[in-house]
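What follows is one structure encoded as structure tokens, with my remarks underneath.
Just so you know, all these numbers are worked out from the coordinates, no wet-lab data involved. Just so it is clear, the model here is predicted, and its values are computed rather than measured. In this analysis, Cβ positions are derived from the backbone assuming ideal geometry, glycine residues included, and neighbour counts consider all displayed protein chains.
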Amino acid sequence: MRLRKNISTIENDPADKTLQWFGRAIGEMKSRPISSHRSLRYQAAVHEYRRELDPLADDADVLPSTSDQRKYWTQCQHHSWFFLPWHRMYLFHFESIVAAQVEALGGPKDWGLPYWDYHGDSDSRSIPPSFREPTHVGGETNHLFNANRRPGANSGAAVADDWEVDLSCLREAVFAAPPFAGSPGFGGPRAGSQHAGGSMGALESIPHGSMHMFVGGWMSNFTRTGLDPLFYCHHCNIDRLWEVWLRRDPNHANPTSPLWLRIIDFHFRDLHGNDEQMKCRDVLDTEQQLQYLYEDVSDPLMGEADHFGLGVAMASFPEMIGASDTLIQVGVASAVHTKIAVAKQVGEAFGLELHSQRIYLHLENLTCEGPAQAIDIFVGVPADSDPLTRPELRVARFPLFGIGEASRIDGPHAGSGLTFAIDITSLVRELPDIPGDLLEIPISLQAVGDWGAENVRVGRISLYAEEE
Amino acid sequence: MSANDTGRTGPRALIRAHPEWWIFAISICAWVAIWPHLENVAGVGHVHTHAAGAAHVHAMPPGRVLIDWILMTFAMMIPLTSHPIRHVVHRSFLHRRHVVRVLFLLGYVVPWIGLGLCFVWVSSAWPNLISWAAAPLFGVGALWVLLSQTRERALDRCRALRPISAHGFRANGDVFGFGFRVGYWCIFSCGILMLACASTGHAAVAMLGGFVLGLFERGGFRPRRRMVATGYFLISLFFVGPWLEVIVRYIDHLY
């Protein structure tokens with residue numbers, strides 16, 4: 001049984017050599033060619049591989065066969081309910097390879113992948129010290145170091161903001177949302193085998209996407225992210241949060257649909273290079289099925305209630321009540337303001353008051369050719385005001401991790417872009433009432449962080465209502 | 001669909017959650033309408049049946065050939081549009097859900113009708129070509145599935161989602177255009193195979209086999225190219241009869 005420990009715990013215990021073994025194993029993996037499934041480059045390519053973006057590409061590279069690449073590489077699952085189980089499978093195989101290497105180097109047999117728990121004090125919100133220095137005290141290369149991170153990351157100066165480590169995702173009541181409407185769900189929307197344009201689950205958005213963009217550099221790019229050892233510790237924490245969510249409320253449960261549990265096979269090369277097929281049902285119990293557990297899966301929200309209760313099964317389905325009609329461009333220059341008019345009487349029966357409904361805002365089909373870090377969404381800011389002066393009206397900050405990949409016309413998402421959903425019920429209920437049958441909901445978008453010259457295009461903003 | 005899956009249960013919620021179910025009903029009706037053609041099984045050793053099927057194609061008036069083509073499209077292709085159908089319905093106002101379904105479907109079949117017109121023209125202008133075309137078309141289709149990067153991109157693009165307007169004529173135009181776009185890319189991915197099916201006179205092996213392979217291909221995370229290509233290649237063997245006749249006669253002539 002492997003114990004996956006908090007990096008902070010390890011760093012505070014001089015006797016614990018988990019990170020040193022991790023670094024040495026990564027060093028061995030870096031020395032192997034990309035054709036070897038036990039190399040770091042191969043493991044990174046399992047997430048995604050595009051030759052033109054490979055920073056370590058060399059003419060001497062001998063790539064695996066085309067059929068091998070098709071079967072085992074560029075498999076990462078995002079924007080769907082497969083996000084969490086696939087990354088669990090991915091980490092499981094990565095950990096087994098690293099652990100075998102640790103054992104071969106004379107380390108412990110039960111080495112476990114450490115996780116980076118950034119939801120804590122300011123120390124935990126910086127890159128862990130063990131990952132920052134290019135060399136160890138004696139001059140030995142620190143293979144956990146990666147120079148390709150955001151400015152200030154490796155000096156410890158960069159500290160993640162509150163929004164980037166926010167754990168409101170744990171307050172989602174359900175794992176899987178309907179594919180096109182309403183709450184995003186904790187784990188992501190229901191999807192078929194092929195999924196493009198789906199919204200992100202709450203956990204995938206924040207803190208998963210936000211911390212990818214916080215570390216920046218290679219971690220902000222799908223192809224390169226697996227080349228940074230910190231990526232695996234980040235995803236280890238994401239996997240841990242899945243366990244935390246399941247345990248914090250007895251109503252929280254994984255999907256039971258066979259479409260999730262057993263229809264889709266995902267293929268990996270196991271430790272010995274053999275083909276291994278896994279389904280979601282094979283990775284639900286980390287102890288019994290995968291032989292690992294986490295040092296700490298206690299509830300960081302101290303029992304805080306979910307956004308809405310699941311005590312009574314909900315018989316309704318979210319319904320669109322309003323939408324913008326023009327494409328919106330958001331850039332670094334200034335905020336963009338728009339208004340969406342919705343009827344005060346909404347719902348299928350047209351007898352339901354808007355204020356008795358839960359209201360969700362969707363940003364649909366966000367695309368961008370260049371880099372973009374995040375986008376702020378405000379509700380209720382007057383058109384002549386700067387949203388940044390009204391922080392209390394900010395409903396969400398969405399990290400734009402993966403927007404470039406999702407915007408590529410020739411990629412698997414075929415240009416569908418990213419889609420986000422957020423609950424804005426409380427802010428809508430605070431809007432001043434105006435005479436008439438319509439309520440105008442002001443929505444403002446503001447670019448945040450490191451942006452390129454390109455604007456982000458928002459395909460549409462829409463509002464959905466759901467009976468509460 | 002259990003509460004744990006999405007938190008929503010009840011028959012009304014179930015129907016609202018699956019607006020694509022109606023296209024399965026249309027597909028079933030199309031299968032029923034085209035059923036009389038399916039008794040033409042065809043295969044190696046069933047040369048007469050195949051020839052009769054092929055003769056059936058070009059003995060019919062062009063309008064009838066086109067209708068059969070459209071029925072075949074409804075039967076085999078529209079069940080594969082469940083994902084974009086859900087997209088346009090859920091991204092539209094509730095009172096427009098019937099309109100957008102119809103508009104999407106109309107947009108979707110327009111490019112297929114275009115391809116069908118080409119087929120009608122070829123079968124009218126070169127009727128004897130049809131009896132020879134099935135096997136090579138399935139063979140080419142198998143290679144297209146196996147080797148073509150264009151097809152792989154077309155499969156991605158026919159599943160891609162686009163923003164659609166919510167109000168007015170622009171909303172109708174966007175939905176129709178989206179359906180057209182999906183149909184256009186579907187032709188790149190499946191057009192050759194549909195031509196092959198039509199050239200057999202809608203033989204059961206071709207249509208049912210092609211339909212099952214189409215569903216199977218989309219059932220996994222990655223399109224199962226090798227198995228699907230093998231399936232199409234095996235179907236091509238059913239229609240290789242006329243070519244075998246020629247080869248046998250040629251060998252006879254030589255010896």
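Annotations for the structure displayed:
- Between A:D162 and B:L234, the simple label model (points 7 Å from Cα in the Cβ direction) yields a spacing of 6.2 nm.
- Counted over segment A:100-170 with a bin width of 5 Å, the fraction of Cα pairs per bin, in whole percents, is 3, 14, 17, 19, 19, 13, 10, 4, 1.
- Cα-centre dipole for chain A with unit charges at Cβ (Lys and Arg positive, Asp and Glu negative), debye to 20: 1040 debye
- For B:83-95, mean number of other protein chain Cβ atoms within 10 Å: 5
- Of the trypsin sites (Lys or Arg not before Pro) found in segment A:175-272, those in coil by DSSP whose Cβ has at most 14 other Cβ atoms within 10 Å are A:R262.
- For the residue pairs A:K30/A:K109; A:K71/A:K109; A:K5/A:K30; A:K17/A:K71, alpha carbon separations beyond 27 Å are given by A:K71/A:K109; A:K17/A:K71.
- Relative to one another, the C-alpha centroids of segment B:198-254 and segment B:106-123 are positioned 22 Å apart.
- Size of electric dipole in segment A:19-64: Cβ of Lys, Arg +1 and of Asp, Glu -1, about Cα centre, debye, nearest 20: 260 debye
- The mean sequence distance of close C-alpha pairs (under 8 Å, at least 6 residues apart), as a share of the length of chain A, puts its relative contact order at 18 percent.
- Residue list for segment A:398-418, given a label point 7 angstrom along the Cα-to-Cβ vector of A:T338 and an amide N cut-off under 15 Å: A:418
- A cut-off of 5 Å between modelled amide H atoms, ignoring neighbours fewer than 5 places along the same chain, links A:S416 with B:L161.
- Where labels lie 7 Å past Cα in the beta-carbon direction, separation of B:W132 and B:L66 in nm: 2.8 nm
- Look at the stretch B:160-173: the mean tally of other chain Cβ atoms within 10 Å of its residues' Cβ atoms is 6.
- Counted residue by residue at 0.36 nm each, then reduced by the alpha carbon distance between them, the extension gain from A:L271 to A:E440 reaches 55.1 nm.
- Relative pair counts by distance (%), Cα atoms of segment A:9-121, 10 Å bins: 12, 37, 34, 15, 2
- Projected-area average for segment B:125-223 over all orientations - Cα convex hull basis, square nanometres: 8.3 nm²
- Sum of side-chain charges, A:I422 neighbourhood, beta-carbon under 14 Å (Lys, Arg +1; Asp, Glu -1): -3
- Remark: segment A:374-465 projects, on average over all directions, an area of 7.6 nm² (convex hull of Cα atoms).
- Projected over every direction and averaged, the convex hull enclosing the alpha-carbon atoms of the protein assembly as shown yields 36.1 nm².
- Taking the average, over residues, of other Cβ atoms within 10 Å as the packing measure, peptides A:49-58, A:404-413, B:73-82 rank B:73-82, A:404-413, A:49-58 from highest down.
- Counting, for every residue in A:409-415, the Cβ atoms of other protein chains within 10 Å of its Cβ and taking the mean gives 6.
- For the protein assembly as shown, the mean residue ellipticity at 222 nm estimated from helices alone is -13000 deg cm²/dmol, where every DSSP H run of n ≥ 4 contributes -39500 (n - 2.57) and the total is divided by all residues, rounded to the nearest 500.
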